[in-house]
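These notes are about the structure you will find just below.
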Amino acid sequence: MKTVYSPLHAGHSGQMELVTSAIVPGFEKPSRAEFIRARVESEKLGPIIGPVEHDLAAAKRVHEAHYIDFLPTVWPEWVAAGFTGSAMGFTWPTRGLRGDVPPKRIDALLGYYSFDAGATFVEGTWAAIKSSYDVALTAAALVKGGERTAFALCRPPGHHAGAAFMGGYCFINNAAVVAQWFRDQGAKRVSILDVDYHHGNGTQEIFYRRGDIQVLNLHGDPMVEYPFFLGHADERGEGDGEGFNINYPMPFGTNWDGWGASLEDACAKLAAYAPDVVIVSLGVDTFEKDPISQFKLKSVDYPKIGRRIARLGLPTLFVMEGGYAVEEIGINAVGVLTGFED
Ligand code: SP5
Ligand code: ZN
């Protein structure tokens, strides 16, 4: 399969992150994408190609236009305000506050457009976000053009980004963008299978009232795991979307037995939906050695994921999301892809 990759991700580096009362170097760092790219090469997965540049129209099909227009302004406004370090919010419009009046200060706007302090900007961040979006759309076009599968090596990831908010290392929701893009290209139904350790709250929010895009999510139980405020099993979609959002929250310590059983159930529901295309939000932070996660998948389990998805027999686009054990991230991510191609 072809991999789409852009070196522009690397400018999104040196971000700091707020973790339990300390500001630490971000877990979502450039070496993640480089370890994956190196493994794609050493495993001879297939050609690595660069992205085609796109305008932002496809992003505005799933995100609010004012949010997308805000993103490129962040770093220039942060610098103009005299701030240094990673640009991040510090005040958020939660229950009881006004979420409808954008303030006029960049540090306040960062809070207005986010749900945590986990999506921070440095000088190269906007270029990286844009390249990640271009990578996803370029890979989608390969599948639309008749290839059975493709790998969008996106960085930064996307699944925590909602219609008008960022967070959790995510800015533009690449998987949501390409799901809508396939619909706009004539696909009747699209399924998004999110196997990242964390619940894809942004993807769920974007499609919650829609029946034309099925969203299946396997993740750590939000009662005890980030993002905490979405991802419970009783969230099944609303209106036209009733029954088309399916969550599989799982406890800390879940290994292949439990996780694989959830995948099996998700694949059955996906097959019954009979989509024209499957988008896999591919996180490998389910790995036993992941530094921020609590599942216990082993490297030998990742090819099993790919093989099970391949058995659906559907055109499948893999979109990279999380995974922070950088030494093994390439082995695990590419393990899914080689398993798919077995
Ligand atoms: C795309 C993606 O995987 N985003 C994940 C965002 C997670 N942000 C919260 C991380 C909290 C880490 N707390 C545990 C620290 C252990 N030292
Ligand atoms: Zn994750």
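None of the figures in this text is laboratory data; all of them are computed from the coordinates on show. Since this is a predicted model, take the numbers as computed values, not measurements. Reconstructed Cβ throughout: ideal geometry from the backbone, glycine too, with neighbour counts over all protein chains shown.
I need the full set of residues from the range 317-335 which are in contact with a helix residue (DSSP H, G or I) (Cβ under 6 Å, 6 or more places away or on another chain) and away from ligand 1 (no atom under 16 Å from the Cβ), in order please. Residues satisfying the conditions are Leu317, Gly330, Ile331, Val334, Gly335. For the range 307-342, a residue qualifies if it is under 20 Å from Cys267 (Cα atoms), away from ligand 2 (no atom under 16 Å from the Cβ) and touching an Asp or Glu at 6+ places or on another chain (Cβ under 9 Å), and the qualifying residues are Arg307, Arg308, Ala310, Leu314, Pro315, Gly335, Leu337, Thr338. Number of residues in the range 9-21 that are more than 16 Å from ligand 2 (Cβ to nearest atom) and either without any contact (Cβ under 8 Å) to a residue 60 or more places away in the chain or in a strand (DSSP E or B) (or both) equals 4. One residue stands out among those in the range 192-229 that are among the hydroxyl-bearing types (Ser, Thr, Tyr) and either out of contact with any helix residue (DSSP H, G or I) (no Cβ under 8 Å at 6 or more places or on another chain) or in a strand (DSSP E or B) (or both): the one that is surrounded by the fewest Cβ atoms within 10 Å (Cβ to Cβ), which is Tyr226. Annotation note: of Ala163, Ala136, Ala141, the sole residue that is over 17 Å from Gly26 (Cβ atoms), under 14 Å from the mean Cα position of the chain (by Cα), away from ligand 2 (no atom under 16 Å from the Cβ) and surrounded by fewer than 24 Cβ atoms within 10 Å (Cβ to Cβ) is Ala163. When Val79 is tested against (1) in a helix (DSSP H, G or I); (2) crowded, with 16+ Cβ neighbours inside 10 Å, exactly one condition is not met: (2).
Look at (1) closer than 21 Å to Tyr248 by Cβ; (2) within 16 Å of ligand 2 (Cβ to nearest atom) and you find that Asp301 fails only one, number (2). Candidates are the residues of the range 159-173 that are over 18 Å from Asp69 (Cβ atoms) and not aromatic (Phe, Trp, Tyr); the one that is farthest from ligand 1 (Cβ to nearest atom) is Gly167.
Scanning the range 22-75 for residues that are of a type in the set (Asp, Glu) and not in a loop (DSSP other than H, G, I, E, B), which turns out farthest from Ser86 (Cα to Cα)? Once the filter is applied, the top-ranked residue is Glu41.
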